1. Here is a check on your reading of the model: is residue 48 more than 15 Å from the chain's Cα centre (by Cα), under 30 Å from residue 84 (Cβ atoms) and surrounded by fewer than 15 Cβ atoms within 10 Å (Cβ to Cβ)?
2. Taking interchain pairs and intrachain pairs at least six residues apart, which have beta carbon atoms under 6 angstrom, with the first residue in the range 164-183 and within 16 Å of residue 103 (Cβ to Cβ) and the second in a helix (DSSP H, G or I) and modelled with pLDDT under 95?
3. Among the residues of the range 69-87, what is the count of those that are free of Cβ contacts under 8 Å to residues at least 24 places away in the same chain and in a loop (DSSP other than H, G, I, E, B)?
4. Tell me, please, whether a residue that is outside the structural domain of residue 107 (by TED's automatic domain parsing), touching a helix residue (DSSP H, G or I) at 6+ places or on another chain (Cβ under 6 Å), outside any loop (DSSP other than H, G, I, E, B) and closer than 25 Å to residue 114 by Cβ can be found in the range 36-46.
5. Kindly list, by first and then second residue, each pair from a residue in the range 31-42 that is farther than 17 Å from residue 54 by Cβ to a residue that is at pLDDT 90 or above, limited to pairs with Cβ atoms under 7 Å and residues at least 6 apart or on different chains.
6. When you scan the range 144-163, how many residues do you find that are out of contact with any helix residue (DSSP H, G or I) (no Cβ under 7 Å at 6 or more places or on another chain) and over 28 Å from residue 101 (Cβ atoms)?
7. Please verify whether the range 59-68 includes one or more residues that are in contact (Cβ under 8 Å) with a residue 24 or more places away in the chain, more than 29 Å from residue 140 (Cβ to Cβ) and part of a helix (DSSP H, G or I).
């Protein structure tokens, strides 16, 4: 990726995060990147394509982690999922502005944006995670009566909830929410092993 393209993505990420998608113009992005509008269109066909590129760039870390986990023969599925949860939360914290931008845009109910993100930004990550869970189901480590896709969303949703609510979560009385990654580890364990005592 060229330096100009990186500058464009950095400018777009900052402006989209601060102002939202609709309120940000290509001219503003070009000005912040120190380039002309025509330079933007040299790399990205339109604002939607630029927005998608910003989101996809923020997903690269977790996608690389999932690729590594899927090829690891030294860990069982549960260990892989624990590592996934920890790394996923770290990536969310590292790209907090982009995560907030994505969630904000999704809550506006834009079907076209939601479809584009699902198909072009999140599908590879989802399929890798789903495959990990299917592997655990086949080995008898995870429940087979619940669709692997639903289990994948439950794991991902856990971190999204923790990310969104941490600013107030840590102040709940007697909640013992001291540090987000420790809480993430605890909640991941809870999801994978359940609340019920052994019968």
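The values are calculated or read from the model by the stated rules, or taken from the named source; none is laboratory data. Keep in mind that this is a model prediction, so the values were computed, not measured. Quick reminder, even Gly has a Cβ in these numbers, built from the backbone with ideal geometry, and neighbours come from all protein chains shown.
1. Yes, satisfied.
2. Short answer, once both residue conditions are applied: 166/180.
3. Residues in the range 69-87 being free of Cβ contacts under 8 Å to residues at least 24 places away in the same chain and in a loop (DSSP other than H, G, I, E, B): 4 in total.
4. There is at least one residue in the range 36-46 that is outside the structural domain of residue 107 (by TED's automatic domain parsing), touching a helix residue (DSSP H, G or I) at 6+ places or on another chain (Cβ under 6 Å), outside any loop (DSSP other than H, G, I, E, B) and closer than 25 Å to residue 114 by Cβ.
5. Sorted first by the residue in the range 31-42, then by its partner, the pairs are 34/7; 36/30; 37/26; 37/27; 37/30.
6. Within the range 144-163, residues that are out of contact with any helix residue (DSSP H, G or I) (no Cβ under 7 Å at 6 or more places or on another chain) and over 28 Å from residue 101 (Cβ atoms) number 3.
7. Yes, the range 59-68 has at least one match.
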